[in-house]
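K.L.:
Pasting in a structure now, in structure tokens, and then I'll have a few things to ask.
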Amino acid sequence: MTRLVKKDIAAMDKNLNHLDRLLEAVTGKSLLEIGAFAMGKALPLIPTRIAVVPITTGLGIIQGFSETVTAILVYLGADAFTTEKTDVRGLQEAFSRGAEVVFMADDQTFSAFHFKNGSWSDNGDATGRGFAAALYLAAKAQAQMEVLVLGAGAVGQAAIEFLLEKNISVVLGEIDQDKARACGEKYQNIKVAADWTAGRYHYIVEATPIADLIKTKNITDQSIIAAPGVPFGVAPAAAKKADQIIHNLLELGVATMLSAIS
Ligand code: 2YC
């Protein structure tokens, strides 16, 4: 997943209700309901105290990142707080303040850990499942539907896994032939597109780090595209043409992580 920057996060906490209503209109479910559906969990989730611990390793703190993760968790009904301290001291503070769950991210991995029930969730996995679930719901899960998953990384593979669990046909589009082949071997009953760019698709999960990858020639005006995170993988003209775009930078991944560990 591409690293967020301060401007990506600014005001995200003020738009949570708007995003929630948008997702409800498009998928019929709220942010939390989609997360729970993605993880096969029933609502309400078991309440638990959650600490979000800022991590200073590598490129360091992203201003507002931890506070925004906390705001999303609080919006979803969790008892969450951001620790004053960072790193290991922050973990100590989390425990001393009675947190059973910790959310933290270094430059490579954003993860949640439940120290009581032993469960944990990776943001990449949660994001792939959450966005695939949102697409599945928005498409009203027509039996014969086929979904193009772009990108064979952690997010794309998690999206594939969710869709296969729902017996949805999956076509993989992956520019790296080795990755494409490995993914095709890992998931026996998916199709690997030789050249997806020549195709036109109704349902797409865009899980690549490439901006503006999907063009108008790849979609119809009925297309539904789930495009998590940054950069936005849909060219502006294609975003206008598509029927629905499901896009957010942290919210659905966090809602799915919360569901995964609850
Ligand atoms: O502020 C902090 O604690 C930083 N260590 C956070 C770094 C997060 C880096 N990862 C990302 O920006 C993206 C997120 C959307 C989740 C995965 N990658």
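The values are calculated or read from the model by the stated rules, or taken from the named source; none is laboratory data. Source: prediction; values computed, not measured. When we count neighbours, we look across all protein chains shown, and the Cβ atoms used for this are built from the backbone with ideal geometry, even at glycine. Note: accessible area is taken over every heavy atom of the protein model, side chains too, but ligands, DNA and RNA are not part of it. Shrake-Rupley method; radii C 1.70, N 1.55, O 1.52, S 1.80 Å.
K.L.:
Give me log10 I(q)/I(0) at q = 0.07, 0.09, 0.11, 0.17 Å⁻¹ for the chain, Debye formula, one equal scatterer per alpha-carbon, no solvent.
P.N.:
-0.23, -0.39, -0.58, -1.30
K.L.:
With a cut-off of at most 16 other beta carbons within 10 Å, and DSSP calling the residue loop, which trypsin sites (Lys or Arg not before Pro) in region 155-262 qualify? Please list them.
P.N.:
Answer by residue number: Lys166, Arg200, Lys215.
K.L.:
Give me the 1.4 Å probe accessible area per residue for region 1-114, excluding ligands and nucleic acids, in Å².
P.N.:
Roughly 51 Å² per residue, with all protein chains present.
K.L.:
Okay, moving on. Please list, in chain and number order, the residues 5+ apart from Leu213 or on another chain whose amide H is under 5 Å from its amide H, with Hs placed from the backbone.
P.N.:
Excluding prolines and chain starts, which carry no amide H, the hits are Val234, Ala235.
K.L.:
Counting only helical runs of four or more DSSP H residues, what would the 222 nm mean residue ellipticity of the chain come to if each run contributes -39,500 (n - 2.57) and the total is spread over all its residues?
P.N.:
The helix-only estimate for the chain comes to -11500 deg cm²/dmol at 222 nm.
K.L.:
I would also like to ask the following. Report, in cubic angstrom per residue, the convex hull volume of the C-alpha atoms of region 1-131.
P.N.:
112 Å³
K.L.:
Hey, what angle do you get for helix 251-261 against the long axis of the chain, alpha-carbon based, 0 to 90 degrees rounded to 10?
P.N.:
70 degrees
K.L.:
With θ taken as phi - 60° and the coefficients 6.51, -1.76 and 1.60, list the Karplus ³J(HN,Hα) couplings across region 202-211 in order, rounded to whole Hz; mark glycine and proline as x.
P.N.:
7, 10, 9, 9, 9, 10, 10, x, 9, 6
K.L.:
Tally the DSSP beta bridges in the chain and give the antiparallel ones as a percent, rounded to 5.
P.N.:
Antiparallel bridges make up about 25 percent of those DSSP assigns within the chain.
K.L.:
Report, in degrees rounded to the nearest 10, the 0 to 90 angle that the Cα long axis of helix 177-186 makes with the longest principal axis of the chain.
P.N.:
80 degrees
K.L.:
For region 1-92, state which GluC sites (Glu not before Pro) are in a DSSP loop and have at most 15 other beta carbons lying within 10 Å of their beta carbon.
P.N.:
Glu84
K.L.:
Additional query: Is there a pair in Lys166/Lys241; Lys7/Lys241; Lys29/Lys85; Lys6/Lys29; Lys140/Lys166; Lys85/Lys116 whose C-alpha atoms are over 24 Å apart, and which pairs would that be?
P.N.:
Lys166/Lys241; Lys7/Lys241; Lys29/Lys85; Lys6/Lys29
K.L.:
What is the diffusion coefficient of region 127-248 in µm²/s, taking the Kirkwood radius over Cα pairs and the Stokes-Einstein relation at 10 °C with a viscosity of 1.306 mPa s?
P.N.:
115 µm²/s
K.L.:
Next question. So what's the angle, to the nearest 10 degrees on a 0 to 90 scale, between helix 87-96 and the longest Cα principal axis of the chain?
P.N.:
60 degrees
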